[in-house]
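To start, the structure itself, in structure tokens.
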């Protein structure tokens, strides 16, 4: 039996959270969230992507009941043709640097398509901070 993540929420709130995360992932192709939320969303999205590759009325109804209309239309009409034909592994979970405020573990979910390779470096998804040089440091560099 698969691991059930409760996420400190009641069932209705938990299913809404996972549905919204899945919709966001399908539309944008990439989301960054906490590690527990990502692990709870991963099997739901995998199942939706697998069902989208086999067009049938039952599969379309299942997809439309699980995520919002915009994401369902995008998944059925355009994303299903871009997916790999493998049976699983259509979504990649990459651990990212912990959140600064509360040190929560974060993870990035990426949908793997045929055209784009998978990024394995977690540092690519974090923003780099550029520090401004002071006028004194800039003048010293010019002098060299």
Tabulated pairs, the range 50-75, first exposed (fewer than 12 other Cβ atoms within 10 Å of the Cβ), second in a helix (DSSP H, G or I) and modelled with pLDDT of 95 or more, C-beta under 6 angstrom, 6+ apart or interchain: none
The range 55-69: number of residues that are farther than 24 Å from residue 24 by Cβ and in contact with a helix residue (DSSP H, G or I) (Cβ under 9 Å, 6 or more places away or on another chain): 1
Residue in the range 79-90 that is touching a residue at least 40 places away in the same chain (Cβ under 8 Å), under 12 Å from the mean Cα position of the chain (by Cα) and surrounded by 12 or more Cβ atoms within 10 Å (Cβ to Cβ) present: yes
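The values are calculated or read from the model by the stated rules, or taken from the named source; none is laboratory data. Note that the structure is a prediction, hence the values are computed from the model and not measured. Cβ sites come from the backbone with ideal geometry, for glycine too, and all protein chains shown count toward neighbours.
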